[in-house]
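One structure is given here, and the rest of the page talks about it.
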Amino acid sequence: MKHLPDTFSKSLNSIGADLPGSAGVCLSERCTLIMIDPRTLERECLVRCVELAHPEIKVMGFGSFDEWQTRRDHHGHEVILYSTGNRPVTEVSREIATLVAEAGAAPVVVIGAANDLREMIAAFDCGARSYLPSSVGIDDIVEASRLASFDGIFLPTASLTALRGALPDREESHMAVNEHLTERQRAVCDALRRGKSNKIIAGELNLCESTVKVHIRNIMKKLGAKNRTEAAFKLNSSMFAGEGRLS
């Protein structure tokens, strides 16, 4: 009997032409979904649900980072789903960062307890590719894994709502960028919001890396940001609110 690919595989085939070297390749044929969750019932339920809904996808469950590290297939291509198990991301940030480092090219998607902007930022700071609140469904988790395997980021509607609520109003954004930053800092801001490294920023602006670091620290202080990710988010928010103008 001819095998029919599932919806997940079809969606990957549909974008294959746009991805170099990926034509006709389905995630189910080249990737394994890894679920790491300390809660046995939740982990086994999620693994079983994915297997039933998408039988072409190989799914494996592990109770901890150490268990995954011991039993993992070092030659296999993986997308790793890491559940915080109702713990805040900050409480397990070191483990997430270590997992990201050990995973290498394998993307890590964090499933957290809350649909909270601070949790999302904390997950991205650890190197995670995406952050999903535990309220999402199986199809959202599978779609997030699909996009992560191709360097994409999945954002549920509920998370988009949380991000929108965090956007400053037009007047507040305009003041933050135009009145509280110097001309040189605005140039650094433009590069920072594009995700450029200190080395690249220094080269483009003909500055020392140490000078760039000082500028970024001052920018974070003026924006009330705790880290680069939050600063970049606020700068992009300012740009949208200010109709695309940084100066």
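The values are calculated or read from the model by the stated rules, or taken from the named source; none is laboratory data. On a predicted model such as this, the values are computed, not experimentally measured, just so you know. All Cβ positions, even for glycine, are placed from backbone atoms using ideal geometry, and neighbour counts span all protein chains on display. Note: accessible area is taken over every heavy atom of the protein model, side chains too, but ligands, DNA and RNA are not part of it. Shrake-Rupley method; radii C 1.70, N 1.55, O 1.52, S 1.80 Å.
Within segment 180-197, identify whether any single residue is modelled with pLDDT under 75 and open to solvent by 30 Å² or more (accessible area, probe 1.4 Å), and answer yes or no. Looking through segment 180-197, at least one residue is modelled with pLDDT under 75 and open to solvent by 30 Å² or more (accessible area, probe 1.4 Å).
For segment 112-129, residues that are in contact (Cβ under 8 Å) with a residue 40 or more places away in the chain and not in a loop (DSSP other than H, G, I, E, B) total 5.
Counting only residues that are of a type in the set (S, T, Y) and in contact (Cβ under 8 Å) with a residue 24 or more places away in the chain, which one in segment 62-101 is most open to solvent (accessible area, probe 1.4 Å)? Selected residue: T90. Screening the candidates L99, L160 for the property of being more than 13 Å from the chain's Cα centre (by Cα), at pLDDT 85 or above and farther than 30 Å from T211 by Cα yields one hit, L99.
The residue pairs whose first member lies in segment 37-61 and is over 17 Å from V110 (Cα atoms), whose second member is open to solvent by less than 30 Å² (accessible area, probe 1.4 Å) and not in a helix (DSSP H, G or I), and whose beta carbons are closer than 6 Å, counting only pairs six or more residues apart or on different chains, are E51/V59; H54/D6; E56/D6; I57/L33; K58/T32. Restricting attention to segment 29-37, does a residue exist that is at pLDDT below 90, polar (S, T, N, Q) and more than 24 Å from the chain's Cα centre (by Cα)? Checking segment 29-37: not a single residue is at pLDDT below 90, polar (S, T, N, Q) and more than 24 Å from the chain's Cα centre (by Cα). In this entry, K213 is excluded by the filter for residues that are assigned to a loop (DSSP other than H, G, I, E, B) and surrounded by fewer than 16 Cβ atoms within 10 Å (Cβ to Cβ).
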